[in-house]
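Taking it in order: structure first as structure tokens, then the write-up.
The values are calculated or read from the model by the stated rules, or taken from the named source; none is laboratory data. Not measured: the values here are computed from a predicted model. Cβ coordinates were reconstructed from backbone atoms using ideal geometry, including for glycine residues, and neighbour counts include every protein chain displayed.
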Amino acid sequence: MGDHDFQSPSVATFLERLGSDTPTPGGGTAAAVAGAMGAALVRMLAVLTLGRKKYEQHERLMQAVADQADEERTKLLALAADDAAAYDAVGAAFGLPKETEAEKTARTEAIQVALKGACDVPLRVMERCIEVIALAKTAVQYGNRNALSDGAAGAEFARAAMRVAGYNVRINLSSIKDAAYTKDARTRMEEIEYMGGNAATWIDSHVNETWNG
């Protein structure tokens, strides 16, 4: 299989399943994968900077960016699997028996627990994405100018992933009855979106100014 074979079974199968009528994988899993792609692109900018004499003063910094971006990619791919599992748990909870009052109570409790799990995972995806955007900000400031587009693309993938994960948080929060949990989760989500959005916008402006200046 060639290096540029984008019809590989793993990629093609994932996209086929993503576009099917099965509940998982869905948007949350896709968000985590997109975030991982963003991390990989940020790492690409970093490694394309390493070993270049012009950027030798930033060698240690860019090595750190490359290493951290690789860690974020790994964490986000793990969260992709976690998201699918969390959504499957919600489906399993809704499938519990509800013939007796005891069964109804147990089912309701199980659904609420599962919904919180389905919120927690995309919130963690959002947290990882803001880290990717922060790495991209460093990379585009000090990295190889010939590869800035990769770092900027990485930030945009991470921003999109962050926003998509936010959709998943919101839809699950709408069914959670724990007011304190809902308030905390919403505050956390909105803070991440604000900080990540600002950083990604700065990256976009910085890169365009670099090219046009």
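Looking only at the stretch 162-213, filter to residues that are free of Cβ contacts under 8 Å to residues at least 12 places away in the same chain and among the charged types (D, E, K, R); which one of those is farthest from Glu109 (Cα to Cα)?
The initial filter retains those residues of the stretch 162-213 that are free of Cβ contacts under 8 Å to residues at least 12 places away in the same chain, namely 171, 174, 179-180, 182-184, 187, 190-191, 194, 198, 201, 205, 208-209, 212-213.
Filter once more, keeping what is among the charged types (D, E, K, R): 183-184, 190-191, 209.
On the way: Lys183: 19, Asp184: 20, Glu190: 27, Glu191: 29, Glu209: 53 Å.
Per the stated criteria, the residue is Glu209.
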Collect the residues in the stretch 80-107 that are of a type in the set (Asp, Glu) and within 23 Å of Ala32 (Cα to Cα), keeping them in residue-number order. Asp82, Asp83, Asp88
Regarding Leu45, is this residue buried (at least 16 other Cβ atoms within 10 Å of the Cβ) and among the hydrophobic types (A, V, I, L, M, F, W, C)? yes
Within the stretch 141-190, tally of residues that are outside any helix (DSSP H, G or I) and among the small types (Gly, Ala, Ser): 3
Against the conditions (1) over 20 Å from Val132 (Cβ atoms); (2) small (Gly, Ala, Ser); (3) at pLDDT below 95, where does Ala81 fall short? Just the number, please. (1)
Taking the residues in the stretch 96-147 that are in contact (Cβ under 8 Å) with a residue 60 or more places away in the chain and farther than 27 Å from Ala31 by Cα as candidates, determine which candidate is surrounded by the most Cβ atoms within 10 Å (Cβ to Cβ). Asn144
Which numbered condition Gln57 fails, given (1) surrounded by 14 or more Cβ atoms within 10 Å (Cβ to Cβ); (2) over 22 Å from Tyr167 (Cα atoms): (1)
